[in-house]
Amino acid sequence: MSEALVAVEAAGTDASVPAASGARQFWRRLRAQRAALVAAAVVALLVLVALAAPLLTALEGQDPTTYHPSLIDSARGGVPIGSLGGIGADHWLGVEPQTGRDLFARLVYGARVSLGVALAATVLQVVIGVAVGVGAALGTRWVDQLLSRATDVIVAMPLMIMSLALLAIVPPGFPRPVLVTLVVGLIGWGTIAKIVRAQTLSLKGLDYVSAARLSGWGAWRVARRELLPGLAAPVITYAALLVPMNISVEAALSFLGVGVKPPTPSWGQMLTAADVWYQAAPQYLLLPAGALFVTVLALTVLGDGVRTALDPRAASRLRVGTGRKDVENARSEDVKTAKSEKEASV
């Protein structure tokens, strides 16, 4: 228990709920939400598939870049030969129209690029946004004005136009996944910076934060010990929603020609190329679209579950698989644990 919380208890404030917000309480609340556990398993499976893409394609005996012209019906405009887009023992999900590249290989390798770019860009956005938001809230009036105006500029900056401008000055040999990550990460942190600034200003008025500042702690120590734990819930929740948003941004950049380019596969690139084949080869559109849908749904449910586990007093937006009795039992256990810890400390 930190010195700030001791000072709060001495002042007569009930700090039992913050004291019970440890790692064990978090995992217990998260385990009480079955939907969040299922979503976490789906996300873990997607990440595992992306990491094991070379092994999975080796088991199939294919790769994402090899053309198979013999599997394409040129008389029909490049439609795959066979039923269901050429699905068979050699091509588990069929082949790509007009090129004959294996769809399974491109889908699992596309997960690597799409999830990798989205996750890396999200981490960059969170790091910059939290640093700017906390700095603006804890800084002087001039620092707050400067960082707030810079955040407004970033929020108003058109992502697509800036991407096109960067394409004109970046050498062609620069890795495109890295370029997309930097563009999305460096231009998309404005919203999370505003959220963090507003939440930090709200936390600054709480008793335990005021006690920490009056005890002589510096701004960095106050932010690290008292403010960042309180910012974890909104930051993690918004970050979980940023990942699918960044996947969509990568798809849009690929459509404009500034994102990942062939032959490197990505889900966004596959969707862009599938818009003219959805009738002749519907699986070419349904497979990446289904992967994106499952990813967005799983990350949304997981983000809501993490938010509820970090702040059990907040009402859950998605109560799928979460019983009212489970939540009430978790809260009662937290109160009992807090009381026992308080008595032990006394």
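Tell me the helices (runs of 4 or more DSSP H) entirely within segment 181-267 that contain at least 2 residues that are in contact with a Phe, Trp or Tyr (Cβ under 8 Å, 6 or more places away or on another chain).
190-204, 228-255
Confirm whether Thr295 is among the hydroxyl-bearing types (Ser, Thr, Tyr), in contact with a helix residue (DSSP H, G or I) (Cβ under 8 Å, 6 or more places away or on another chain), modelled with pLDDT of 80 or more and part of a helix (DSSP H, G or I).
The answer is yes for Thr295.
Checking Val95 against (1) of a type in the set (A, V, I, L, M); (2) surrounded by fewer than 21 Cβ atoms within 10 Å (Cβ to Cβ); (3) without any contact (Cβ under 8 Å) to a residue 60 or more places away in the chain, which test does it fail?
Failing condition for Val95: (2).
Please specify each residue of segment 192-217 satisfying the condition of being surrounded by 19 or more Cβ atoms within 10 Å (Cβ to Cβ) and polar (S, T, N, Q).
If the condition is that a residue be surrounded by 19 or more Cβ atoms within 10 Å (Cβ to Cβ) and polar (S, T, N, Q), then Gln199, Thr200 are the ones that fit.
What is the number of the single condition among (1) surrounded by 19 or more Cβ atoms within 10 Å (Cβ to Cβ); (2) touching a Ser or Thr at 6+ places or on another chain (Cβ under 8 Å) that Gly230 does not meet?
(2)
I'd like to know if segment 145-168 contains one or more residues that are closer than 22 Å to Pro263 by Cβ and surrounded by fewer than 20 Cβ atoms within 10 Å (Cβ to Cβ).
Checked segment 145-168: at least one residue is closer than 22 Å to Pro263 by Cβ and surrounded by fewer than 20 Cβ atoms within 10 Å (Cβ to Cβ).
Only one of these is surrounded by fewer than 19 Cβ atoms within 10 Å (Cβ to Cβ), closer than 20 Å to Gly129 by Cα and of a type outside the set (Val, Ile, Thr): Trp189, Trp220. Name it.
Trp220
So Ala53 fits all but one of (1) over 27 Å from Leu297 (Cβ atoms); (2) small (Gly, Ala, Ser); (3) at pLDDT 85 or above; what number is the exception?
Looking at each condition in turn, Ala53 falls short on (1).
So Gln62 passes all but one of these: (1) exposed (fewer than 15 other Cβ atoms within 10 Å of the Cβ); (2) not in a helix (DSSP H, G or I). Which condition number does it fail?
Just one mismatch for Gln62, condition (1).
When Phe174 is evaluated against the numbered criteria (1) in a helix (DSSP H, G or I); (2) among the aromatic types (Phe, Trp, Tyr); (3) at pLDDT 80 or above, which criterion, by number, is the only one it fails?
Of everything listed in (1) in a helix (DSSP H, G or I); (2) among the aromatic types (Phe, Trp, Tyr); (3) at pLDDT 80 or above, Phe174 misses just condition (1).
Yes or no: Arg307 touching a residue at least 60 places away in the same chain (Cβ under 8 Å), closer than 30 Å to Val134 by Cα and either surrounded by fewer than 20 Cβ atoms within 10 Å (Cβ to Cβ) or in contact with a Gly (Cβ under 9 Å, 6 or more places away or on another chain) (or both)?
Against the criterion (touching a residue at least 60 places away in the same chain (Cβ under 8 Å), closer than 30 Å to Val134 by Cα and either surrounded by fewer than 20 Cβ atoms within 10 Å (Cβ to Cβ) or in contact with a Gly (Cβ under 9 Å, 6 or more places away or on another chain) (or both)), Arg307 does not qualify.
Keeping to segment 112-135, report how many residues are small (Gly, Ala, Ser), touching a residue at least 12 places away in the same chain (Cβ under 8 Å) and surrounded by fewer than 23 Cβ atoms within 10 Å (Cβ to Cβ).
Count: 3.
Results for (1) part of a loop (DSSP other than H, G, I, E, B); (2) touching a helix residue (DSSP H, G or I) at 6+ places or on another chain (Cβ under 9 Å), shown as yes or no for each residue.
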{"position": "Ala58", "(1), (2)": "no, no"}
{"position": "Trp92", "(1), (2)": "yes, yes"}
{"position": "Arg106", "(1), (2)": "no, yes"}
{"position": "Arg112", "(1), (2)": "no, yes"}
{"position": "Thr122", "(1), (2)": "no, yes"}
{"position": "Ala131", "(1), (2)": "no, yes"}
{"position": "Ser148", "(1), (2)": "no, yes"}
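Anything in segment 69-78 that is surrounded by 18 or more Cβ atoms within 10 Å (Cβ to Cβ) and either in contact (Cβ under 8 Å) with a residue 40 or more places away in the chain or not in a helix (DSSP H, G or I) (or both)? List them, or say none.
If the condition is that a residue be surrounded by 18 or more Cβ atoms within 10 Å (Cβ to Cβ) and either in contact (Cβ under 8 Å) with a residue 40 or more places away in the chain or not in a helix (DSSP H, G or I) (or both), then Ile72 is the only one that fits.
Taking only segment 274-304 into account, find how many residues are within 22 Å of Ile72 (Cβ to Cβ), buried (at least 19 other Cβ atoms within 10 Å of the Cβ) and among the hydrophobic types (A, V, I, L, M, F, W, C).
So the answer is 4.
The values are calculated or read from the model by the stated rules, or taken from the named source; none is laboratory data. Given the structure is predicted, the values throughout are model-derived calculations rather than measurements. Reconstructed Cβ throughout: ideal geometry from the backbone, glycine too, with neighbour counts over all protein chains shown.
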